[in-house]
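Structure first, then comments.
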Amino acid sequence: MKFTDFDLSKNTDGLLPVVVQDNATLKVLMVAYMNEEAFDTTVRTGKATFFSRSRGTLWTKGETSGNYINVTAMYPDCDNDTLLLMGRPAGPACHRGTVSCFDTPDNEGFIRKLQTVIQQRHHDMPEGSYTTHLFGKGVNKIAQKVGEEAVETVIEAIDGNKSRYLYEVSDLIYHLLVLNEQMGLSLEDIEKELESRHK
């Protein structure tokens, strides 16, 4: 993909609109613009770089705050006149210090964020972490915990205890995410599997 592949005929300033999305949570973080130099810099460095219309200059997101956005993928839209940039933010994306420039709920995409935390725990294995403890016990113990939480979830559902059900189903989802990581799978893999059945 090259900058010249995009159709910028609708934009009098010749800039490419870019929607930035968190790769883990899928939360929309911000909207910015790129010229050809910003696009090429982003591709070369792997850090989201844009063109500031107000300052008339290039800027790499995080160059002053340290809150870089490390690019994981870029996709043109169907009209080839807008870019979706997926990335891993190193901190708040908005100058207000918020996760996003859009005031969407903070818990949006939290399950994906939790998956990212679990993956990091598996990689780092920090002492004192319950997740580390589970990984240390291996697949049998993790699978046993999933079974226990599933049974407790079913019991609370049958009893009609909504608050207890919510508590237990949250435990179930957490342990299932740990088991997925232990098995080398992710939410994305589950989505693909479900999608393949929905035909």
For this session: Calculate the length of the line joining the C-alpha centroid of region 8-58 to that of region 111-157, in whole Å.
Result: 38
Seminar exercise, completed: Of 52, 65, 163, the most mobile residue in a GNM of the chain (C-alpha springs, cutoff 10 Å) is 163
Exercise. How large is the charge dipole for region 110-197, taken about the Cα centre, if only the Cβ atoms of Lys, Arg (+1) and Asp, Glu (-1) carry charge, to the nearest 20 debye?
Worked result: 120
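Ratio of Rg to Rh for the chain, alpha carbon only, Kirkwood?
Computed over Cα atoms, the ratio is 1.08.
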For this session: DSSP loop (so not H, G, I, E, B), at most 11 other Cβ within 10 Å: list which trypsin sites (Lys or Arg not before Pro) in region 76-171 pass both filters.
Result: 96
For this session: For residue 145, go through the lysines and keep the ones whose alpha-carbon is under 26 Å away, minus same-chain ones fewer than eight residues off.
Result: 113, 137, 162, 192
Seminar exercise, completed: Shape descriptors of region 3-89 over alpha-carbon atoms, Rg and Dmax in angstrom, are 12.1, 34
For this session: Would you kindly enumerate the cysteines in the chain that have no other Cys beta-carbon under 4.7 Å from their beta-carbon?
Result: 78
Problem set entry | Where labels lie 7 Å past Cα in the beta-carbon direction, separation of residue 98 and residue 5 in nm | 3.4
Seminar exercise, completed: Taking a straight Cα-to-Cα line shorter than 13 Å from residue 10, and setting aside same-chain aspartates and glutamates fewer than 8 residues away, one finds 79, 81
For this session: Divide by every residue of the chain the summed helix terms, -39500 (n - 2.57) for each DSSP H run of at least 4, and state the resulting mean residue ellipticity at 222 nm, rounded to the nearest 500 deg cm²/dmol.
Result: -14000 deg cm²/dmol
Seminar exercise, completed: If R0 = 25 Å, then residue 170 and residue 137, at their Cβ-Cβ distance, give a FRET efficiency to the nearest 0.05 of 0.75
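Using the beta-carbon distance between residue 191 and residue 57 and R0 = 41 Å, what value does 1/(1 + (r/R0)^6) give for FRET efficiency, to the nearest 0.05? Numbers along the way, then the final one.
Numbers: r = 40 Å, r/R0 = 0.97.
Here the calculated transfer efficiency is 0.55.
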Exercise. Percent relative contact order of the chain, based on C-alpha pairs within less than 8 angstrom and at least six residues apart?
Worked result: 16
Exercise. What are the radius of gyration and Dmax of region 110-197, computed over its Cα atoms and given in Å?
Worked result: 13.9, 40
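Bear in mind these aren't lab numbers, they're just calculated from the coordinates by the rules spelled out. If you're wondering where the values come from, they're calculated on a predicted model, not measured in any experiment. Virtual Cβ from ideal backbone geometry, glycine too; neighbours counted across all protein chains shown.
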